[in-house]
1. So if R0 is 30 Å, what FRET efficiency would residue 331 and residue 176 give, r being the distance between their Cβ atoms, rounded to the nearest 0.05?
2. Pull up the DSSP beta bridges for the chain and report the antiparallel fraction as a percent, rounded to 5.
3. Kindly state, to the nearest 0.05, the FRET efficiency for residue 15 paired with residue 313, given R0 = 22 Å and r defined as their beta-carbon distance.
4. Would you please give the FRET efficiency between residue 61 and residue 35, computed as 1/(1 + (r/R0)^6) with r the Cβ-Cβ distance and R0 = 35 Å, to the nearest 0.05?
5. Pop a pseudo-label 7 angstrom from the Cα along the beta-carbon direction at both residue 362 and residue 404 and give the gap in nm to one decimal.
6. What nm distance separates the two modelled labels at residue 264 and residue 455, each placed 7 Å from Cα along Cα→Cβ?
7. Return the calculated 222 nm mean residue ellipticity for the chain, to the nearest 500 deg cm²/dmol, obtained by summing -39500 (n - 2.57) across DSSP H runs with n ≥ 4 and dividing by the residue count.
8. Pull up the cross-link candidates among the aspartates and glutamates for residue 341, meaning alpha carbon to alpha carbon under 18 Å and not fewer than 8 places away within one chain.
Amino acid sequence: MGLPAWLRAVERATRPYDPEFVAAMERRWAELPEVARTPGQIIGRHGVGCEGTHGVFPKCNLKCTPCYHSRDANQVRVDGPHTREQVAAQMGLLRELRGPRAHTQLIGGEVSLLPPDDHAATLAIMREQGREPMSFTHGDFDYDYLRRLALGPDGRRRFARLSFAAHFDKFMYGRRGIERPSSERALNPYRARFAAMFARLRRELGVRSFLAHNMTVTPGNLDEVAAVIRDCHAMGYGMFSFQPAAFLGDERRWKEHYREASPDAVWQQIERGAGSRLDYDVFHNGDVRCNRTAYGFYVGSHWFPFLDGSDPRDLAVRDAFFRYLGKVSFTGTPPALLVAKLLRIVARHPTTVAFAGSWLARTVRRVGLGRLLRHRFRVRPVTFVMHLFMDAEQVTPAWELTQRGETSDDPKVRETQERLAACQYSMAHPEDGTLVPACVQHAVLDPAENAALRKLLPIVEVRTTSARNS
Ligand code: SF4
């Protein structure tokens, strides 16, 4: 390639915005209900929302109360080829409708029941479609599984980075070594053990990771939430996500008056744990009645927000971020290429330097230079999230109306319709070319889907000779 051709190729590769990504965001923004078009809305300004898989491996080997899977889920065989085939079809549709870049959860029952090679092949399929995958687990597997996931049969590293979301709470029964946890605190060694496996993976194989910690909150563990954050914030998790329990899935596993753990009560506990007020209005992910998010970082044991919602100068930084950098796809862009794209934006809009400089100076003042020096400028980004799934009895009628193109006069039903329309957690149905909110998947579609899967992938009892003779 001659110099002029090479320069043209570099110019093309470092263009800040991918028109396909921009078009996907514009479609998302146009679909959002008015109530979700807030100044802090991320969907349509810096992303298209999250995605998840369904109907792939619904079986799990722990028992949770509540469990969002339908009662047939545990009668379905975990099957690698089925998972790969379904995930490929679902990712193809997401690529077509949601554009070239998104975060997508490999979620079903328990992901580590998939053989490591099938798990790895599925992650590769997701990446091929521009998805940044995150595997959902209860965390009860060993380092050997992780190692076999990270290394191919030839002993070579097959991923530079892995993302996992691990679910830990005391209403999950059957974890090895702690069948029925007496408290959230009793689970802390298991939370630490899980995170330590990934630190070892990095040390031994150079594979980086992102870990999220998930926890269902009910009235029975509400007052333990703050201590979980205080005890576990430095274990290596980059996100703490809390889900107030909903009446979804297998009704045999509904045990408490879940709604007594109200959104505000749960958020207060998260704030107590973080030791800071958490402003969930700086950024929105979909409808704020579904998701509250606070982005920030720890220095030592203190958490600070990236942006202070009470400071108009920080809100101006947020708006400038959306304006100049929002259309850049950070997800899946190699760091060197991302830097080149950002430099081109800075060259075109020098005002971004002023925004960044004043923000940095304010943030250093807020944290305190002394504290930063004491901790050798070690900053750990940690995001707090609360995701409020809706109850099945709330979702079903609202979704029926939405399907008919009608809007309810009942404020409660209309609220549900608005939340579904702004959903930031979608699942794909390649058989009819639609995307549905995860609430709809669990409340409306899972029972029939899992009943069909139970026939397609039955669990065959293999009887041993000794069992036959006994
Ligand atoms: S899955 Fe349900 S609770 Fe979550 S964002 Fe979508 S509509 Fe809201």
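1. In this case the efficiency is close to 0.30.
2. 40
3. FRET efficiency, residue 15 to residue 313: 0.10.
4. 0.30
5. Rounded to a tenth, the inter-label distance reads 4.9 nm.
6. 4.9
7. -12500 deg cm²/dmol
8. 11, 18, 20
Just so you know, all these numbers are worked out from the coordinates, no wet-lab data involved. Nothing here was measured: the structure is a model prediction, and the numbers come from that model. Cβ sites come from the backbone with ideal geometry, for glycine too, and all protein chains shown count toward neighbours.
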